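Here the structure is laid out as structure tokens; the discussion comes afterwards.
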Amino acid sequence: MSGPVGRVAHVWAVVTDQSIAHEAHPSLTAAQIRILSLLAGGSTNGEIATSLKLSRQAVDYHLSRLRDLLGAETRPALVARAYVLGILAPRAWPPRPATGRQ
């Protein structure tokens with residue numbers, strides 16, 4: 001279904017098997033990867049800021065940069081892209097980086 005101005009109302013993602021090669025992704029900082037992990041776990045911006053001992057503005061900035069770097073406009077799209085690009089490990093809960101970096 002589409003929302004106003006042809007925007008997609010829902011985002012669905014298919015997580016690929018780890019043995020399948022992933023698209024190349026931009027180099028991300030450890031903080032950006034940790035933010036993606038917390039975002040995938042359902043944390044709010046405020047909860048992410050508290051968890052990482054950052055300001056709310058710093059988290060907002062990192063999320064804005066991540067949206068640009070990964071080409072994803074929404075929070076669900078960011079999480080989906082992180083899985084599709086191999087940044088987050090499939091079949092892991094709580095969400096964690098695929099490389100083991102935290």
Open item on the list: Condition first: in a loop (DSSP other than H, G, I, E, B), without any contact (Cβ under 8 Å) to a residue 40 or more places away in the chain and within 16 Å of Leu88 (Cα to Cα). Now tell me which residues in segment 29-52 satisfy that.
Closed with: Thr29, Gly42, Ser43
TODO: State whether the residues of segment 53-65 include one that is surrounded by fewer than 16 Cβ atoms within 10 Å (Cβ to Cβ) and in a loop (DSSP other than H, G, I, E, B).
DONE: yes
TODO: Within segment 65-84, track down each residue that is within 20 Å of Ala31 (Cβ to Cβ) and of a type in the set (Ser, Thr, Tyr).
DONE: Tyr83
Open item on the list: Of the conditions (1) at pLDDT 95 or above; (2) open to solvent by less than 40 Å² (accessible area, probe 1.4 Å), Pro97 satisfies every one except a single condition; which number is it?
Closed with: (1)
Task: Counted residues, segment 53-83 - those being more than 13 Å from Ala40 (Cα to Cα) and of a type in the set (Val, Ile, Thr) - done: 1
Task: Enumeration of residues in segment 66-76 that are surrounded by 18 or more Cβ atoms within 10 Å (Cβ to Cβ) and either more than 18 Å from Pro95 (Cβ to Cβ) or touching a residue at least 40 places away in the same chain (Cβ under 8 Å) (or both) - done: Leu70
Task: Some residue of segment 22-35 being over 21 Å from His62 (Cα atoms) and either loosely packed, with under 14 Cβ neighbours inside 10 Å or at pLDDT below 90 (or both) - done: yes
TODO: Tell me, please, whether a residue that is part of a strand (DSSP E or B), at pLDDT below 95 and either β-branched (Val, Ile, Thr) or touching a His at 6+ places or on another chain (Cβ under 9 Å) (or both) can be found in segment 68-91.
DONE: no
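The values are calculated or read from the model by the stated rules, or taken from the named source; none is laboratory data. Quick caveat, the model's predicted, so the values are computed rather than measured. All Cβ positions, glycine included, derive from the backbone under ideal geometry; neighbour counts span all protein chains shown. The accessibility values were calculated without ligands, DNA or RNA, using every heavy atom of the protein model including side chains. Shrake-Rupley method; radii C 1.70, N 1.55, O 1.52, S 1.80 Å.
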